[in-house]
Each structure stands twice: as C-alpha cells, then as structure tokens.
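The values are calculated or read from the model by the stated rules, or taken from the named source; none is laboratory data. Values in this document were obtained by computation on a predicted structure and should not be read as measured data. Note: ideal-geometry Cβ built from the backbone for every residue, glycine included; neighbour counts use all protein chains shown.
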Amino acid sequence: MRSVYFDHQSSTPVLPEVFEAMKPYFTEAYGNPSSLHQHGLRVREALKRARQQMAALINGDSEEEIFFTSDGTESANLAIKGVAYANERKGKHLVISATEHPSVMNSVEFLEKQGWTCTRIPVNAEGILQPEEVQKAMTPQTVLVAVHHVNHDIGAIQPVKEIGRLCGEAGVPFYVDCESSAGWLPVDVKQFGAALVSFSPHRFYGPKGVGVLYRNKRARLVSIIHGGVQEGGRRAGTENVPGIVGGGVAAEIALREMASRSEHVTRLQKRLWSGLKSKITFLKLNGPEPGPYRAPQNINISTEFIEGEGQLLSLDLSGIAVASGSSCVSKSLKISHVLAAIGLDHALAQGNIIMTLGKDNTEEDVDYVVEEFARIVARLRAMSPMWDEFERGVIDSVIAPTGRGTSFSEHAAKVSGKPAH
Amino acid sequence: MSDTYTLYNNTVMDHFMNPRNMGDIKDADGIGEVGAAACGDIMKISLKIRDGKIEDARFKTFGCGSAIASSSMATELIKGRTVDEALSFSNQEVVDALGGLPPVKIHCSVLAEEALKAALEDYLKKHPELATQACKSEVVAA
Ligand code: FES
C-alpha cells in the first residue's frame with residue numbers, strides 16, 4: 001500500500017544531513033554549554049553557530065536576539081507572558097487575533113485571570129483580519145500585539161507587514177507567531193516590524209524538542225522559567241544541544257531550498273485542490289483560494305454530510321496521514337476555534353480535514369489521495385443519515401443550497417432537543 | 001499487519017470498517033433519530049418489530065468512528081430481543097461488547113442507546129396498547 005504523509009503542519013521527518021550533524025552532540029560533544037572547560041566551550045560554539053543560522057532564516061541581525069526554548073508552545077508562552085510581566089507597570093492590555101494558535105490563546109487566558117485584559121480581533125470568512133482593527137484596538141495600556149503570520153489550520157496569510165507598521169507607529173511590541181510559515185515562506189523580522197518572532201525547526205525537517213524565539217533588543221522580556229542564567233537570563237535550563245544544532249542545520253537548508261520547496265508544494269496544492277473538487281461534490285475549501293493569501297502547503301476542506309474523524313481514520317487505513325478540526329477528533333469535543341472564527345457552519349466544521357504538503361510528496365501521492373478520498377467520502381455518505389435526508393429533501397446543503405428542506409443546524413437542534421446525556 | 005497502530009481496538013475498527021446492519025428499513029415500525037449534545041453528531045436507528053420482538057434493526061450515523069461502531073454493535077445486540085427487553089438496553093452493553101471505548105468516546109455509545117430508545121418510543125406511540133407498566137415511564141418522559 002502506498003504511504004502518503006499529508007500532515008507536515010504537525011511535524012516533518014528529520015533530514016539525513018540534520019541527523020548527521022546532531023549525532024556527535026549526543027556521544028562526543030556532550031558538554032554543558034554553561035561549563036567553562038573545553039567540553040563546555042565546544043558546544044557553546046555550536047550553539048552560537050545555530051543562533052546565526054536561525055537569525056539568518058528570519059533576517060535577524062545578530063545571534064544575541066535568538067533564544068532557544070523547548071518548542072513553539074513554550075516560545076509563545078515566553079513571548080506573551082514574558083512581555084506582559086515585563087511591562088506590567090506600563091499597562092495590562094493585549095491585542096491578539098481570534099485565530100491564534102492555542103498556545104497564544106491559552107497564555108492570554110491565563111493572564112486574563114490575573115487581571116490583564118485582551119481584545120481579540122475578528123477575522124473575515126477567509127480567516128484574514130483587517131490591520132485597521134488592530135490599530136483601533138490599541139490603547140495607551142496596550143503592551144503587546146500578537147498576530148500569527150500563517151494560520152495553523154487554514155493557511156491564511158495575515159497582513160503582518162501592515163500590522164507591524166501600525167504597531168511601530170504606536171510604539172507597541174509586535175509578536176508574530178511564524179510556526180506555520182518559517183522555512184516555507186520568507187520571514188523577515190524587519191519587514192514585519194516584529195519585536196518577537198517564534199518558529200520551530202521540526203516544521204521544516206529539523207528535530208522536535210527545540211523552539212526558537214527571536215526578540216529584538218528593544219522589547220522588554222522577562223523569564224517565565226526560573227533557574228540559571230542560560231539564554232541571556234530569558235530561559236533557564238540546560239539547552240537541548242543536539243536538537244539546537246540539528247535545528248540550525250535545518251534552518252540553513254530551509255533558507256537555501258525555500259524557493260524550490262515552496263514552488264513544489266504550490267504545484268501540488270493546485271493539483272490537490274482541483275482534483276478534490278472535480279471528484280467530490282459538496283466540498284468546501286476553508287480559507288483563501290490557493291494564491292497569494294494562502295500558504296502553499298495547506299489545504300483545509302469540509303466535506304458535507306459526513307464527519308471528519310471517520311474520514312481521517314479511513315484515510316489512515318489507506319496509508320494517508322491527515323489532520324482534522326472536527327469536534328470528534330479533539331479531546332475537548334469542540335470544533336477548531338479557527339473554523340468557528342471564520343463563521344463556518346457546525347455541520348461543515350464537523351466534516352473538516354486538513355492536508356499539509358511537504359517537499360517529498362509527489363504528483364502520484366496527490367492523485368492517490370484524491371482517488372482514495374473520493375471512495376471514502378462515498379462510503380461514509382452512504383452511512384450518513386444526513387446524506388439520505390438531503391437526497392430526500394428533508395435537509396438542505398450549506399455548500400450548494402437547493403432551497404429544499406431545513407438547514408442541518410435546525411435539524412440537528414430538533415433531533416438533539418431530546419433530553420441529552 | 002503487526003506494525004499497524006490503531007486509535008481503537010480491533011473490534012471497534014472492524015465495526016467501523018465493516019459495519020453490520022447499515023442502512024434503512026422500508027416500512028420500519030419504529031424510527032429514532034437523535035443528536036449528541038456533546039459533539040453535534042447524529043444517529044438514526046430503524047426497527048422492524050413483529051409480535052413484540054425486534055426482527056431487524058438498521059442504523060445510519062453521522063459521527064465519529066466509535067459512533068459508527070457503536071451503532072453497528074447496538075443493532076447487532078438488540079436483534080431478537082423483545083421490546084420490553086430492549087427498553088432497558090444500556091450503552092454499557094455496547095461498550096462491553098466492543099471491548100471498551102476511550103473515555104472521551106463513551107458518549108458515542110450513549111448516542112446508540114438514545115437512538116434505539118427513540119425508535120422504540122416511536123413504535124410504542126403507534127402502538128399505545130403495548131406500552132406496558134414497565135415502560136410507561138420512558139414514554140411519558142419523551
Ligand atoms: S459521535 Fe462525536 S465524538 Fe463520537
């Protein structure tokens with residue numbers, strides 16, 4: 001059976017060159033970078049090199065602006081809480097978009113319980129926010145604006161340059177979560193006017209267990225993990241040396257190969273979306289059309305009348321790895337907050353599938369996925385009472401309304417109006 | 001395939017991939033369609049009942065893998081039972097027969113119990129003479 005990995009947003013394989021570069025740092029160069037002897041100094045040098053490689057990927061000026069964390073979530077926690085605590089005297093107001101990653105959303109919620117307030121900027125139906133809304137939301141108490149570059153769910157690209165300019169004018173630090181873009185699209189801290197940027201090498205063929213936070217020296221930041229004075233006192237704890245070294249090499253290669261990788265996935269993305277929509281009826285693309293406002297790796301779709309977990313499980317049994325924002329897939333039984341924020345009907349959010357492409361995927365992979373997916377959708381629709389009720393005119397389609405029957409939501413409310421568990 | 005990992009156990013996966021009793025019954029004697037408050041999924045069970053016994057049961061499910069497996073198993077289990085017996089059917093039977101479900105997926109089996117009971121209520125509404133003392137409370141609660 002063919003095996004197709006279409007979940008590069010979750011993680012990517014480590015490149016052989018990256019793995020080779022990491023190896024000596026497990027067995028030979030095992031010193032602690034804080035030690036003052038040969039063993040320590042050797043790895044300290046290696047970290048410095050990795051910082052330069054990371055800075056180069058995002059057009060940062062110096063390695064001193066790069067802090068290593070354990071992953072993207074920790075970077076987001078440090079950026080949000082670290083800036084908020086550092087500026088507590090100045091003000092306690094934050095501005096974020098409604099579609100940030102949970103690591104940002106939940107860090108902000110944590111602060112709200114401690115007396116901070118936050119304005120969440122809504123996005124349009126394609127998932128993009130208006131920069132002017134950010135400007136309007138800022139007050140003299142605002143200490144941080146956080147907007148991601150590319151959305152982790154629907155691949156929408158935010159107007160970060162424009163937002164950065166407005167933040168610069170207002171003198172408010174701007175944090176850009178680049179977890180879903182770095183290594184695939186150009187990230188330029190200067191063009192973005194970003195005071196903070198985070199990204200993770202495991203999203204571009206580096207290892208897991210290392211996250212990167214860029215911080216412009218002008219932005220005040222305090223540590224949220226307390227201990228020694230590693231990472232300029234901004235992140236205590238012994239660095240993950242092999243991971244950092246590997247991450248640095250992955251960043252260097254990503255920078256070098258960015259144009260060809262991105263061109264490759266752009267081509268596959270077009271083929272995938274046109275294949276899917278030609279083979280499957282009642283299918284909706286969530287987020288912008290492939291093009292300048294959508295990351296080239298991402299396809300996020302809703303298949304009407306069926307649920308996402310069943311699609312994901314069936315695809316997995318066909319050797320195809322994907323993700324889903326359906327409530328049945330999440331441990332909280334809630335649909336993805338991104339899908340809710342773009343105003344997607346619950347029925348469509350339930351049928352959600354996310355496919356994210358990588359450099360090693362091929363046209364044959366895409367064609368196989370289209371074919372298998374069409375077969376799976378047909379099988380699940382045959383099992384779905386909603387499909388049958390749609391065909392009998394009891395309920396209507398959200399994607400292509402026929403004018404017959406009630407909406408799915410009305411119908412669902414009616415049938416779950418019974419005393420529920 | 002020993003190196004295949006699954007989210008659910010083999011019994012659940014089997015009922016998901018090869019569901020039993022999937023479909024509708026023409027001229028069903030009772031039809032129940034319910035939605036899960038937790039996740040928004042929908043399940044429908046149709047029954048053919050003769051002489052107070054469930055002769056045939058079919059399901060259609062808009063829901064996750066464990067909801068599909070639960071409805072498949074529930075319809076298997078209740079075929080041949082009397083209406084009275086079926087009225088005391090519980091989701092735990094489905095969970096046990098499936099060899100267990102992850103904690104977050106227990107509500108999917110509850111959906112199967114509710115769909116079955118809704119179908120029985122529908123049947124009893126059409127046949128009030130059969131609503132015995134034992135099951136009256138169920139009917140009144142509906
Ligand atoms: S029915 Fe929705 S989680 Fe199982």
Give the stretch B:36-47 a look and list any residue that's in contact (Cβ under 8 Å) with a residue 40 or more places away in the chain and facing chain A (nearest Cβ under 7 Å), or say none.
-> B:A36, B:A38, B:C39, B:D41, B:K44
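So, of the residues in the stretch B:1-20 that are assigned to a loop (DSSP other than H, G, I, E, B) and among the polar types (S, T, N, Q), which turns out to be farthest from the ligand (Cβ to nearest atom)? Talk me through it step by step, then tell me what you get.
Taking the stretch B:1-20 as the starting set, the residues that turn out to be assigned to a loop (DSSP other than H, G, I, E, B) are B:1-9, B:18-20.
With the extra rule that they be among the polar types (S, T, N, Q), the set shrinks to B:2, B:4, B:6, B:9, B:18.
Details: B:S2: 28, B:T4: 22, B:T6: 16, B:N9: 15, B:N18: 18 Å.
Here the residue is B:S2.
Looking at the structure I just gave you, is A:V4 in contact with a strand residue (DSSP E or B) (Cβ under 7 Å, 6 or more places away or on another chain), of a type in the set (A, V, I, L, M, F, W, C) and surrounded by 15 or more Cβ atoms within 10 Å (Cβ to Cβ)?
Details: in contact with a strand residue (DSSP E or B) (Cβ under 7 Å, 6 or more places away or on another chain): yes; of a type in the set (A, V, I, L, M, F, W, C): yes; surrounded by 15 or more Cβ atoms within 10 Å (Cβ to Cβ): yes.
Spelling it out, A:V4 is indeed in contact with a strand residue (DSSP E or B) (Cβ under 7 Å, 6 or more places away or on another chain), of a type in the set (A, V, I, L, M, F, W, C) and surrounded by 15 or more Cβ atoms within 10 Å (Cβ to Cβ).
Go through the residues of the stretch B:28-41 one by one and say whether even a single one is over 16 Å from B:K117 (Cβ atoms), more than 14 Å from the ligand (Cβ to nearest atom) and more than 12 Å from the chain's Cα centre (by Cα).
In the first step, residues of the stretch B:28-41 are kept if they are over 16 Å from B:K117 (Cβ atoms); the result is B:38-41.
Now drop any that are not more than 14 Å from the ligand (Cβ to nearest atom), which leaves none.
Scanning the stretch B:28-41 turns up no residue that is over 16 Å from B:K117 (Cβ atoms), more than 14 Å from the ligand (Cβ to nearest atom) and more than 12 Å from the chain's Cα centre (by Cα).
Based on what the data block shows, is A:L357 within 14 Å of another protein chain (Cβ to nearest Cβ) and more than 22 Å from B:A69 (Cβ to Cβ)? Walk me through it before giving the result.
Details: within 14 Å of another protein chain (Cβ to nearest Cβ): no; more than 22 Å from B:A69 (Cβ to Cβ): yes.
In short, no.
In the stretch A:361-391, what count of residues is obtained for those that are assigned to a loop (DSSP other than H, G, I, E, B) and away from chain B (no Cβ under 13 Å)?
Number satisfying all stated conditions: 2.
With respect to B:G23, determine if the residue is more than 13 Å from the ligand (Cβ to nearest atom), crowded, with 16+ Cβ neighbours inside 10 Å, under 22 Å from A:A382 (Cβ atoms) and modelled with pLDDT of 95 or more. Explain how you work it out, then say what you get.
On the way: more than 13 Å from the ligand (Cβ to nearest atom): yes; crowded, with 16+ Cβ neighbours inside 10 Å: no; under 22 Å from A:A382 (Cβ atoms): yes; modelled with pLDDT of 95 or more: yes.
Answer is no for this residue.
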Does the stretch B:48-57 include one or more residues that are within 12 Å of another protein chain (Cβ to nearest Cβ), part of a strand (DSSP E or B) and not β-branched (V, I, T)?
-> no
Members of the stretch A:31-46 that are surrounded by 13 or more Cβ atoms within 10 Å (Cβ to Cβ) and either in contact with a helix residue (DSSP H, G or I) (Cβ under 7 Å, 6 or more places away or on another chain) or of a type in the set (S, T, N, Q) (or both) | A:G31, A:N32, A:P33, A:S34, A:S35, A:V43, A:A46
Candidate set from the stretch B:88-107 (those that are surrounded by fewer than 20 Cβ atoms within 10 Å (Cβ to Cβ) and more than 13 Å from chain A (Cβ to nearest Cβ)); member that is farthest from the ligand (Cβ to nearest atom) = B:S88
Away from every other protein chain (no Cβ under 13 Å), within 16 Å of the ligand (Cβ to nearest atom) and closer than 22 Å to A:S180 by Cα - does that describe any residue in the stretch A:337-348?
-> no
Please go through the stretch A:296-343 and pick out each residue that is surrounded by fewer than 22 Cβ atoms within 10 Å (Cβ to Cβ), more than 29 Å from A:G393 (Cβ to Cβ) and of a type in the set (S, T, Y).
-> A:S318, A:S330, A:S332
Could you list, in sequence order, the residues of the stretch B:62-99 that are part of a helix (DSSP H, G or I) and β-branched (V, I, T)?
-> B:I68, B:T75, B:I78, B:V83, B:V94, B:V95
May I ask you to list the residues in the stretch A:322-334 that are without any contact (Cβ under 8 Å) to a residue 60 or more places away in the chain and more than 8 Å from chain B (Cβ to nearest Cβ)?
-> A:S324, A:S330, A:S332, A:K334
When the stretch A:272-321 is examined, which residues are found to be within 13 Å of chain B (Cβ to nearest Cβ), touching a Gly at 6+ places or on another chain (Cβ under 9 Å) and polar (S, T, N, Q)?
-> A:T303, A:Q311, A:S314
